[in-house]
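Colleague: For reference, the structure I am asking about is given below.
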Amino acid sequence: MPVLWRDLKDWLSQRRTRATYLRWHVGFLLSLVPLGILLEFINQDWLLNTVALLACLLQLALTVQRCHDIGWTGWAAPLILVPLPGTVFWLALFFIPGTKGSNRYGADPREVSASVAVEPTVWKQ
């Protein structure tokens, strides 16, 4: 298996919390909207379509990770492409909490980040 494919598969099998899912979407909004306006202004439709396709694929990948955090299969992610139910599903992903502790998709990202946190020197005795 090529290294790139294995890395992509490992990345997709991770879990994503509600906070990081929201941060990615804010980043999308702040970066892709001005880029889209610029590309439309300079009349580069082919580049605009390419950026939109890449953004859609990244959105699907992030939604797969968010579904994994909830404990659902990643095959639920393409539901965001269906106009009305997809919008409801997408908004629900911001409010449904992830499973506590490990699930079949990996360790709880909140526990992993807490264990990596540096302990302040004030707490040491």
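Every read-out reported here was derived from the displayed coordinates using simple, explicitly stated rules and does not represent laboratory data. What you see is a predicted model, and the numbers here were worked out from it, not measured in a lab. Every residue, glycine among them, receives a Cβ derived from its backbone with ideal geometry; neighbour counts consider all protein chains shown.
Colleague: For the peptides 57-68, 32-43, what is the packing order when you average, over each peptide's residues, the other Cβ atoms within 10 Å and list the highest mean first? Present the calculation step by step, with values, prior to reporting the outcome.
Modeller: On the way: 57-68: 19.8, 32-43: 11.9.
The most tightly packed comes first, giving 57-68, 32-43.
Colleague: What three numbers, in Å, describe the spread of the alpha carbons of the range 17-100 along their principal axes, ordered from the longest?
Modeller: Dimensions of the range 17-100 along the principal axes of its Cα atoms: 47, 22, 19 Å.
Colleague: Right, next: I need the Kirkwood Rh of the range 54-117: take the reciprocal of the average 1/r across all distinct C-alpha pairs and report it in angstrom. Mind dumping the intermediate values first?
Modeller: Working: mean 1/r = 0.0801 Å⁻¹.
After inverting the pairwise mean of 1/r, the radius is 12.5 Å.
Colleague: State, to one decimal in nm, how far the label point of LEU81 lies from the label point of PHE41, with both points 7 Å from Cα in the Cβ direction.
Modeller: 3.2
Colleague: Given C-alpha coordinates of the range 46-88, what is the ratio Rg to Rh with the Kirkwood estimate of Rh? Spell out each step's value before the answer.
Modeller: Values: Rg = 11.6 Å, Rh = 11.0 Å.
Radius of gyration relative to Kirkwood radius: 1.06.
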